[in-house]
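**Student:** Next up is a structure, given as structure tokens.
The values are calculated or read from the model by the stated rules, or taken from the named source; none is laboratory data. Just so we're clear, the structure is a prediction, and the values are computed from it rather than from any experiment. Quick reminder, even Gly has a Cβ in these numbers, built from the backbone with ideal geometry, and neighbours come from all protein chains shown.
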2 protein chains.
Amino acid sequence: MELDEICRPVSEDLTEVEVRLKAAGEVDSPGLSELLDYGLKGGGKRIRPILVLLSGRLFDGSSDHLMPMALAVELTHLATLVHDDTIDNSVVRWGRPTINTLWGSEQAVLLGDYLFARGGELTASTGNIRVIKLLSKTLMIITGGEVAQARSAFNLEQTREHYFNRISGKTASLFVLATESGAALAGAPEESIQILQEYGNNLGIAFQIVDDILDFISSEEEMGKPVGSDLTQGTLTLPGMLLLEQYPEDNPIKKLFQERGGWEYITRAIDLVRNSPIIDQCFDIATRYHNRACRRLDQLPDNEFRQSLYGLADFIITRRK
Amino acid sequence: MELDEICRPVSEDLTEVEVRLKAAGEVDSPGLSELLDYGLKGGGKRIRPILVLLSGRLFDGSSDHLMPMALAVELTHLATLVHDDTIDNSVVRWGRPTINTLWGSEQAVLLGDYLFARGGELTASTGNIRVIKLLSKTLMIITGGEVAQARSAFNLEQTREHYFNRISGKTASLFVLATESGAALAGAPEESIQILQEYGNNLGIAFQIVDDILDFISSEEEMGKPVGSDLTQGTLTLPGMLLLEQYPEDNPIKKLFQERGGWEYITRAIDLVRNSPIIDQCFDIATRYHNRACRRLDQLPDNEFRQSLYGLADFIITRRK
């Protein structure tokens, strides 16, 4: 299933999301407006708004409630990207210069703060205390987790448990925010909300594993950012972990982390991973999370939105960019 | 009135605020915990929690509601300081190294994000949609305003209107959050909440004017940060504006801003301001806002908390650090 087809049941809502994202950039301050305009039209697949909309529509939730939340989740996501790029000194995202590259890290920090605030405002506008609380909790998990990640940079003593905790906090928590809030705003039964939490969490983990694989096997052209950026930042992801486990001798990641740099080690690590069974092994693990995500979906109402949740899960582990 | 005496009616609550701030630093992640521990015991006068507590107690509000909000407002304030220091590359605050100096700007950005999130979570825990919305709005005003401020750095074409808009967004908005949320959580009548909004707004402006004066006339020892930091950042504040108006010829700020630097110009500007009527003129303007702040306080219940609101206003314009 192509992403377009998956989105068809919520395509009108998604058009509205784009319109409102554009409108969110029209503020009274010329400086801020310029930053927002650039920051909001960047790209990205809008997976998180799609999750809010599908999870809510599945239970006949109304646009009035779901739309602000879909926007809030996307703005929150964009805020974390803007801060991430600033922290990592990333130069390119979505095939174009990052905010920090064009306007400096000061403006990028402030833009991120503004986007967090705007996400909070939109969430508050739902009037639903549960989702408001969930947004704050999620942000605490994400930012708390990122402190841990930054501190574990260039550290070889990381287990898979560390890795799964990290990506669960960094990525899956926002997926859970999306699915849980969509369902909660639609007034879904608690049992169903739980199924969608599970779906969001496992889908988020699968999504991040694939992201981490793509950082090894994709091209800058396809990803819109340089290959190997995780290793450049000293971030150890699943493919790198498997490489360390399976090739303990003369391992380029070991050298990279010990010497805290060296482009030739990154190239060699990428090369080794590509020409080994590691990629398949990583996709197998991602597929396991995909299956867990979908395991209880059959207990939800059987409609086109549920079909799209299955489709989205498939898309997430088969995508190549 | 000394600050201690002003705080006496809410002193037990303030002790509890300190205990809970300390507890907020005890999290499961060692890295984050270290940052929080340092960030939360920094210093500061806790003016904003005092405002929440006085405004709420005035209407017999309960600790259960006011305490999380008092903490939320302080954490939000601390978050903005951590990000400000990072953006400005400030080295010292409260007489000790800043977070960005000790842990680098990456960790500082993340700590600020975490504190914003924690502030949001505490606000959400009040269950009061009005104050939750107000928090997000306030953050949008503050961060939106800071983008504008950053863009107006080293710009000589700024009017007093710009200045008052800027400090109203940057400082007074958080004071309004404190007073309005305190009163609203205590179930105060709308008319009274309005009076406290006015109080917060005008008090915030007076507070910031005095802050801007102190940046010219105080000492590093008293302030806990270098004198002249606003000029160093290219930020034009009220004393500087008056200096430009009153000494248009051979003005050191003009040269500083045109050449974008020069410590000797800062020293000369400070010297000129100190030995001119400008400081008195600025205090007069601050006093005008002090008076506006207090103008309608007599319509509020006559009790010790109201007395402290008067006392706090006096303290804010007579303080010398």
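**Student:** When you check A:Arg151 against the structure, is it out of contact with any Phe, Trp or Tyr (no Cβ under 7 Å at 6 or more places or on another chain) and in contact (Cβ under 8 Å) with a residue 60 or more places away in the chain, yes or no?
**Tutor:** Numbers: out of contact with any Phe, Trp or Tyr (no Cβ under 7 Å at 6 or more places or on another chain): yes; in contact (Cβ under 8 Å) with a residue 60 or more places away in the chain: no.
For A:Arg151, the condition - out of contact with any Phe, Trp or Tyr (no Cβ under 7 Å at 6 or more places or on another chain) and in contact (Cβ under 8 Å) with a residue 60 or more places away in the chain - is not met.
**Student:** Now for a different question. Only residues that are in contact (Cβ under 8 Å) with a residue 24 or more places away in the chain and surrounded by fewer than 17 Cβ atoms within 10 Å (Cβ to Cβ): list them for region B:264-278, please.
**Tutor:** B:Thr267, B:Arg274, B:Ser276
**Student:** Inside region B:99-120, can you point out the residues that are more than 7 Å from every other protein chain (Cβ to nearest Cβ), more than 17 Å from B:Ala184 (Cβ to Cβ) and either free of Cβ contacts under 8 Å to residues at least 40 places away in the same chain or not aliphatic (A, V, I, L, M) (or both)?
**Tutor:** Answer for region B:99-120, where residues must be more than 7 Å from every other protein chain (Cβ to nearest Cβ), more than 17 Å from B:Ala184 (Cβ to Cβ) and either free of Cβ contacts under 8 Å to residues at least 40 places away in the same chain or not aliphatic (A, V, I, L, M) (or both): B:Asn100, B:Thr101, B:Trp103, B:Gly104, B:Ser105, B:Ala108, B:Gly112.
**Student:** Could we say that B:Gly234 is modelled with pLDDT under 95 and not in a helix (DSSP H, G or I) here? Outline the logic, then answer.
**Tutor:** Values: modelled with pLDDT under 95: yes; not in a helix (DSSP H, G or I): yes.
Here the answer is yes, as B:Gly234 does meet what is asked.
**Student:** Does A:Ile47 satisfy the condition of being at pLDDT 95 or above and out of contact with any Gly (no Cβ under 8 Å at 6 or more places or on another chain)?
**Tutor:** Working: at pLDDT 95 or above: yes; out of contact with any Gly (no Cβ under 8 Å at 6 or more places or on another chain): yes.
In short, yes.
**Student:** Take the conditions surrounded by fewer than 21 Cβ atoms within 10 Å (Cβ to Cβ) and either under 25 Å from B:Asp284 (Cβ atoms) or aromatic (Phe, Trp, Tyr) (or both) and apply them to B:Ser219. Does it pass? Walk me through it before giving the result.
**Tutor:** Details: surrounded by fewer than 21 Cβ atoms within 10 Å (Cβ to Cβ): yes; either under 25 Å from B:Asp284 (Cβ atoms) or aromatic (Phe, Trp, Tyr) (or both): yes.
Considered against the rule, which asks whether it is surrounded by fewer than 21 Cβ atoms within 10 Å (Cβ to Cβ) and either under 25 Å from B:Asp284 (Cβ atoms) or aromatic (Phe, Trp, Tyr) (or both), B:Ser219 comes out as yes.
One line per residue, one yes/no per condition, for (1) over 15 Å from the mean Cα position of the chain (by Cα); (2) farther than 30 Å from A:Pro30 by Cβ; (3) in a helix (DSSP H, G or I):
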residue	(1), (2), (3)
B:Gly120	yes, no, yes
B:Thr138	no, no, yes
B:Gln149	yes, no, yes
B:Gln158	yes, no, no
B:Ser168	no, no, yes
B:Leu174	no, no, yes
B:Ile193	yes, yes, yes
B:Tyr199	no, yes, yes
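**Student:** While we're looking at this one, here's another question. Looking only at region B:121-132, decide whether some residue is surrounded by 24 or more Cβ atoms within 10 Å (Cβ to Cβ), without any contact (Cβ under 8 Å) to a residue 24 or more places away in the chain and facing chain A (nearest Cβ under 7 Å).
**Tutor:** Yes, there is a match, as at least one residue in region B:121-132 is surrounded by 24 or more Cβ atoms within 10 Å (Cβ to Cβ), without any contact (Cβ under 8 Å) to a residue 24 or more places away in the chain and facing chain A (nearest Cβ under 7 Å).
**Student:** Still on this structure, please answer the following. One residue is enough: does region B:87-98 have a residue meeting the conditions surrounded by 20 or more Cβ atoms within 10 Å (Cβ to Cβ), facing chain A (nearest Cβ under 7 Å) and modelled with pLDDT of 95 or more?
**Tutor:** Checked region B:87-98: no residue is surrounded by 20 or more Cβ atoms within 10 Å (Cβ to Cβ), facing chain A (nearest Cβ under 7 Å) and modelled with pLDDT of 95 or more.
**Student:** For region A:254-274, how many residues are closer than 11 Å to A:Leu231 by Cβ and not in a helix (DSSP H, G or I)? Full working, then the answer.
**Tutor:** Just the residues of region A:254-274 that are closer than 11 Å to A:Leu231 by Cβ, to begin with: A:256-257, A:261-263, A:265-270, A:273.
Now restrict to residues that are not in a helix (DSSP H, G or I): A:261-262.
Within region A:254-274, residues that are closer than 11 Å to A:Leu231 by Cβ and not in a helix (DSSP H, G or I) number 2.
**Student:** Is it fair to say B:Asn128 is more than 17 Å from A:Ala124 (Cβ to Cβ) and of a type in the set (S, T, N, Q)? Explain how you work it out, then say what you get.
**Tutor:** Values: more than 17 Å from A:Ala124 (Cβ to Cβ): no; of a type in the set (S, T, N, Q): yes.
Answer is no for this residue.
**Student:** State all residues of region B:245-254 that are surrounded by fewer than 18 Cβ atoms within 10 Å (Cβ to Cβ) and either of a type outside the set (Lys, Arg) or within 17 Å of B:Ile209 (Cα to Cα) (or both); if no residue qualifies, say none. I'd like the intermediate steps shown before the answer.
**Tutor:** Of all residues in region B:245-254, those surrounded by fewer than 18 Cβ atoms within 10 Å (Cβ to Cβ) come to B:245-250, B:254.
Within region B:245-254, B:Glu245, B:Gln246, B:Tyr247, B:Pro248, B:Glu249, B:Asp250 qualify.
**Student:** Looking for whichever is at pLDDT 95 or above, under 30 Å from A:Arg151 (Cβ atoms) and of a type in the set (A, V, I, L, M, F, W, C) here; the options are B:Val17, B:Val27, B:Val10. Which one fits?
**Tutor:** Working: B:Val27 fails: at pLDDT 95 or above; B:Val10 fails: under 30 Å from A:Arg151 (Cβ atoms).
Testing whether each residue is at pLDDT 95 or above, under 30 Å from A:Arg151 (Cβ atoms) and of a type in the set (A, V, I, L, M, F, W, C) leaves just B:Val17.
**Student:** Is it the case that A:Pro30 is more than 26 Å from A:Phe207 (Cα to Cα) and either within 12 Å of another protein chain (Cβ to nearest Cβ) or within 19 Å of the chain's Cα centre (by Cα) (or both)?
**Tutor:** Numbers: more than 26 Å from A:Phe207 (Cα to Cα): yes; either within 12 Å of another protein chain (Cβ to nearest Cβ) or within 19 Å of the chain's Cα centre (by Cα) (or both): yes.
Taking the combined requirement at face value, the residue satisfies it.
**Student:** Only one of (1) at pLDDT 95 or above; (2) closer than 20 Å to A:Gly204 by Cβ fails for A:Arg320. Which number is that?
**Tutor:** Going through (1) at pLDDT 95 or above; (2) closer than 20 Å to A:Gly204 by Cβ one by one, A:Arg320 breaks only (1).
**Student:** Mind listing whichever residues of region B:90-125 are under 19 Å from B:Pro49 (Cα atoms) and charged (D, E, K, R)?
**Tutor:** Selection gives B:Arg118, B:Glu121.
**Student:** I've got another one for you. Consider A:Leu203 carefully, then state whether it is within 14 Å of another protein chain (Cβ to nearest Cβ), in a helix (DSSP H, G or I), aliphatic (A, V, I, L, M) and crowded, with 22+ Cβ neighbours inside 10 Å. Before you say what the answer is, go through the steps one by one.
**Tutor:** Values: within 14 Å of another protein chain (Cβ to nearest Cβ): no; in a helix (DSSP H, G or I): yes; aliphatic (A, V, I, L, M): yes; crowded, with 22+ Cβ neighbours inside 10 Å: yes.
When the stated conditions are applied, A:Leu203 does not pass them.
**Student:** Tell me which of these B:Asp13 doesn't satisfy, since it passes every other one: (1) loosely packed, with under 13 Cβ neighbours inside 10 Å; (2) among the acidic types (Asp, Glu); (3) assigned to a helix (DSSP H, G or I).
**Tutor:** Condition not satisfied by B:Asp13: (1).
**Student:** Here's another thing I want to ask about it. Pick out the one residue from A:Leu40, A:Leu53, A:Leu21 that is more than 14 Å from chain B (Cβ to nearest Cβ) and farther than 21 Å from A:Arg96 by Cβ. Please lay out each step first, then the result.
**Tutor:** Details: A:Leu40 fails: farther than 21 Å from A:Arg96 by Cβ; A:Leu21 fails: farther than 21 Å from A:Arg96 by Cβ.
It is A:Leu53.
**Student:** Does any residue of region A:152-163 turn out to be among the aromatic types (Phe, Trp, Tyr) and within 14 Å of another protein chain (Cβ to nearest Cβ)?
**Tutor:** Within region A:152-163, one or more residues are among the aromatic types (Phe, Trp, Tyr) and within 14 Å of another protein chain (Cβ to nearest Cβ).
**Student:** Which residue pairs have Cβ atoms closer than 8 Å, lie 6 or more positions apart in sequence or on different chains, and pair a first residue in region A:44-66 that is acidic (Asp, Glu) with a second residue that is surrounded by fewer than 24 Cβ atoms within 10 Å (Cβ to Cβ)?
**Tutor:** What qualifies is A:Asp60/A:Ala186.
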